[in-house]
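The values are calculated or read from the model by the stated rules, or taken from the named source; none is laboratory data. Quick caveat: nothing in here was measured; it's all calculated off a predicted structure. Cβ placement follows ideal geometry from the backbone for every residue including glycine, while neighbour counts extend to all protein chains displayed. All accessible areas refer to the heavy atoms of the entire protein, side chains included, with ligands and DNA or RNA removed. Shrake-Rupley method; radii C 1.70, N 1.55, O 1.52, S 1.80 Å.
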Amino acid sequence: MSDSPFIKIEQVSKSFQKGKATITPLENLSLEVPRGEFLALMGPSGSGKTTLLNLVAGIDSPTSGSLWVGERELTTLKRGQLTKWRASHVGYIFQLYHLVPILSAYENIELPLLLTSLSKRDRRTRIEAALDLVGLSNRATHRPTELSGGQEQRVAIARAIVHDPELLVADEPTGDLDRESADSILQLLSRLSKEHGKTIVMVTHDPRAAEAADRTLHLEKGKLTR
Amino acid sequence: MKFVSLALKNLLRNRLRTLLTVFGVAAGMFLFASVETMQYSLSTATRARADETTLVVYRENRFCPATSRLPEHYGPVIKEIEGVREVIPIQIAVNNCGASLDVITFRGVPAETLQDYNPELKTIEGSYADFTKRSDAALIGQHFARKRGLNPGDSFEAVGINVSVAGIIASDSPQDNNVAYVHLDFLQQASRVGLGVVTQFNVKVESADQLDAVADQIDETFRADQQPTHTRPENAFFAETAKQMIELISFTRLLGIGAVAAVLGLVANALLLIVQGRTRETAIFQTIGFSRYRISQLVISEGLLIGLFGGALGVGSALFFFHWNAFTLGNEGLTIALSPSQAVLLKGIAISLALGLLASLYPAWKATSKPLTQVLNS
Ligand SMILES: Nc1ncnc2c1ncn2[C@@H]1O[C@H](COP(=O)(O)OP(=O)(O)OP(=O)(O)O)[C@@H](O)[C@H]1O
Ligand SMILES: [Mg+2]
């Protein structure tokens, strides 16, 4: 059980229909990621990194092939089932943070917990723990506009981990940050994988960011290379 | 509950837009509630009641108090007819015989018999005794008094008739609340119809099932007379005599429907704009794990909140408006008090909520109609 990979991608292809043309960013791609690994994905723009990330996160489904995350074969799940699965198994971190502007840091982090049956008190305990983990306990009531980019991304990470998912996916999480903030985000991700056992798949353009990961893969023309 | 507070926060995001929408809904529902108030007041005034025991004896083929003239001495004759309990002769004088929003109706009655005929009449201010003592005294209905700011001891003049207020009355019958009761002989002289002439007789019968028989008997009695009569239950009399007014009010129902349609369009449009303005945010919510159903729920909650706030504001202010203005619609000497009612309040708010729901269905679906990845990519 423990030596079977956490993510297992077998012969996965993904095509998009653009007007009459068909684009196939991923073709017969296979990949295994062990539990707890921090994996970096690099590659030129348009090479299909985000597409792959979305498949792993259950946001999109492959055109063919099969895909397991944990014990789940995502390729058998319907759209609604995927949504439900995401709510408890995945934390998604975006390049542009995507916090809800009208909600405070606290309320943003609370969003995934609203989908659970946790009481208000239990939610509070979890949110405070998440805020503490990302080092923003003193910013709970701040709105996103009152936070720096690095702080916003840390709130976004807190939102991604508050419901304790096994998998974190991050699409260029440091792409919009200065070096110092980027470093602290990378340290945080690294800690989440080392200390909390999260499996992380991170897309990045920055070789420095890739260095923080356990392993780096390059995606080019739909194929993975080392 | 946790989702309703999220919906509320969403609405507060663009306060001006929400405020404008809520005011729009309020304006539409104000109109709707006003129309409903008219409809409701009318239907209570004209609905045939099973327990109706009042007949109105009018001159045959006459439809206006100015032209209906009957000899006062019919009264004792009617009183003798079997099944009749009370008879009261009434002379009516109005300042405006056509349809009007501001009618003053004088009802001349024998001062001593009014209380016997209508025991449910309560004198809430001033005194009944003062009314009987002074020949130019008037007992005025509570709506009438409120509308014109009259108190016992005041005098007022209308249609060239000068009276002094002796008391203010309240009654379960809406008509009583909108008129000024004066002495019959005083009104006959003041309005120059002459002594001995009345507009109508109101007749109380022993029991509701005798209504038609007594009516037929009365008309039969005076058939061969110079002044034949036409006798009907009070509500039917109202429905026939105030026909134009009733048609006019029925027509306003269209205005109510129009207002409702406008509110529907307004809310749907506002929600569609709201939803389109946050497609990306909706996609983020979906990424987090909010199902399409949850997202729809959020949008529908916003629609319901707009409906509720706008509806409460509009319907509430309409009812306040009717409460303070105490409008009386008059036609042919009959009046309808347009009075606020709980039924209209509940109906108005229920309809506002239904509109909020209906208007949000399409936006709720539209919010998540685009594929998630497409929105995230853009
Ligand atoms: N929903 C979609 N519909 C149509 N085409 C898409 C869609 N998503 C991605 N594509 C296409 O698939 C290809 C790969 O896109 P993807 O976003 O995965 O690239 P990427 O490696 O993440 O690039 P970048 O580094 O610029 O983010 C591109 O040609 C893109 O236009
Ligand atoms: Mg990308």
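Expressed as an acute angle from 0 to 90° and rounded to the nearest 10, what is the orientation of the C-alpha long axis of helix B:243-276 relative to the principal long axis of chain B? Tilt relative to chain B: about 10 degrees. What's the FRET efficiency of A:ARG121 with A:ARG143 using the Cβ-Cβ distance as r and R₀ = 22 Å, to the nearest 0.05? Approximately 0.40, to the nearest 0.05. Taking the Cα centre of segment B:159-300 as origin and assigning +1 to Lys and Arg Cβ atoms and -1 to Asp and Glu Cβ atoms, the resulting dipole is close to 1420 debye.
Taking every protein chain into account, the accessible area of segment B:61-227 amounts to 45 square angstrom per residue (probe 1.4 Å). Between B:ARG192 and A:HIS218, the simple label model (points 7 Å from Cα in the Cβ direction) yields a spacing of 11.3 nm. Given their separation in residues at 0.36 nm each and the Cα-Cα distance between them, B:SER317 and B:LEU19 gain 105.7 nm when the chain is fully extended. To the nearest ten degrees, helix B:15-46 and the longest principal axis of the Cα atoms of chain B are 30 degrees apart.
Stretch B:TYR362-B:GLU247 to full length: gain in nm at 0.36 nm per residue minus the Cα-Cα span? Provide the component values of the computation, followed by the final result.
Values: separation 115, 0.36 × 115 = 41.40 nm, distance 3.70 nm.
Separation in residues times 0.36 nm, less the Cα-Cα distance, equals 37.7 nm.
In order along segment B:346-360, phi translates into HN-Hα couplings of 5, 4, x, 6, 4, 5, 4, 5, 4, 5, x, 5, 4, 5, 8 Hz, rounded to whole numbers, per the Karplus curve 6.51 cos²θ - 1.76 cosθ + 1.60 with θ = phi - 60° and x for Gly and Pro.
Shielding of peptide B:277-288 by partners, expressed as the average count of other chain Cβ atoms within 10 Å per residue Cβ, is 5. Taking the Cα centre of chain B as origin and assigning +1 to Lys and Arg Cβ atoms and -1 to Asp and Glu Cβ atoms, the resulting dipole is close to 3100 debye.
Simple rule: put +1 on each Lys or Arg Cβ and -1 on each Asp or Glu Cβ in chain B, find the dipole, and look at B:VAL159, B:GLY75, B:THR21; the Cα lying farthest toward the positive end is B:THR21. Using the Cβ-Cβ distance between B:SER341 and B:SER378 with R0 set to 45 Å, the FRET efficiency works out to roughly 0.30. Taking label points 7 Å from Cα along the Cα-to-Cβ direction, B:LYS9 and B:ILE124 give a separation of 4.9 nm.
Placing a label point 7 Å from the Cα of B:GLU60 along the Cα-to-Cβ direction, the residues of segment B:205-247 whose backbone N falls under 11 Å from that point are B:219-231. Cross-link partners of A:LYS194 among lysines, defined as those whose alpha carbon lies under 23 angstrom from its own and excluding same-chain residues fewer than eight positions apart: A:LYS8. Against chain B, whose longest principal axis is taken from its Cα atoms, helix B:279-288 shows a tilt of about 70°.
Of all beta bridges that DSSP places with both ends in segment A:106-226, some 40 percent have antiparallel geometry.
Each residue of segment B:196-210 is assigned a 3J(HN,Hα), and the resulting list reads x, 10, 10, 7, 7, 10, 9, 10, 9, 9, 4, 8, 4, 6, 8 Hz, derived from the Karplus form 6.51 cos²θ - 1.76 cosθ + 1.60 (θ = phi - 60°), x at Gly and Pro. Loop sites by DSSP among the GluC sites (Glu not before Pro) of chain B, restricted to those with at most 12 other Cβ atoms within 10 angstrom, leave B:121-378 as the longest stretch without any of them.
Among beta bridges identified by DSSP and lying wholly in chain A, the antiparallel ones come to about 50 percent. For segment B:61-227, the antiparallel share of DSSP beta bridges with both residues in that region comes to about 70%. Once the C-beta distance of B:THR113 and B:THR44 is scaled by a Förster radius of 30 Å, the resulting FRET efficiency is 0.65 to the nearest 0.05. For the set A:ARG79, B:ARG292, solvent exposure ranked by accessible area (probe 1.4 Å, protein chains only) runs largest to smallest as A:ARG79, B:ARG292.
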